[in-house]
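All of the numbers you see were taken from the coordinates with simple rules; none came from a lab. Not measured: the values here are computed from a predicted model. Cβ: placed from backbone, ideal geometry, glycine included. Neighbour counts: every protein chain shown.
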Amino acid sequence: MSDPLLVVVDMQELFRDPASPWLIPRFDELAEPIGRLIEAFGDRVAFTRFVVPDAPSGSWVPYYETFAPVTDPVKCVPRCVTSGHVKMTDTPT
């Protein structure tokens, strides 16, 4: 059996910023314990994050129009809060 991996989902400034409509209350309280987990797992950590597509299509178009202040890739480039020591990719999921 291989060593377990840690997956950290959406630890982004977009969800921490009090001015964001997507603010998660008490987000900052999560950063310290998640940071400890990241340190414990070392290089066995994967991050996911919200990535705005260049051109939304299909049923996503109204969603991106409704949330334009946070989904406009020019105005809001998500930044991972704990990205200082992990490799990240910008592949939409």
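Structure values in brief
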{"read-out": "Burial ordering of T66, T48, fewest other beta-carbon atoms within 10 Å first", "value": "T66, T48"}
{"read-out": "Stretchable slack from R36 to Y63, in nm (0.36 nm times residue separation minus alpha-carbon distance)", "value": "6.2 nm"}
{"read-out": "FRET efficiency, R44 to D10 (Cβ-Cβ, R0 30 Å, nearest 0.05)", "value": "0.95"}
{"read-out": "Estimated vicinal HN-Hα couplings, Hz - the range 15-21 in sequence order (Karplus 6.51, -1.76, 1.60; Gly, Pro = x)", "value": "9, 9, 5, x, 7, 7, x"}
{"read-out": "Sites matching trypsin sites (Lys or Arg not before Pro) across the range 1-36 that sit in DSSP coil, with at most 13 neighbouring C-beta atoms within 10 Å", "value": "R26"}
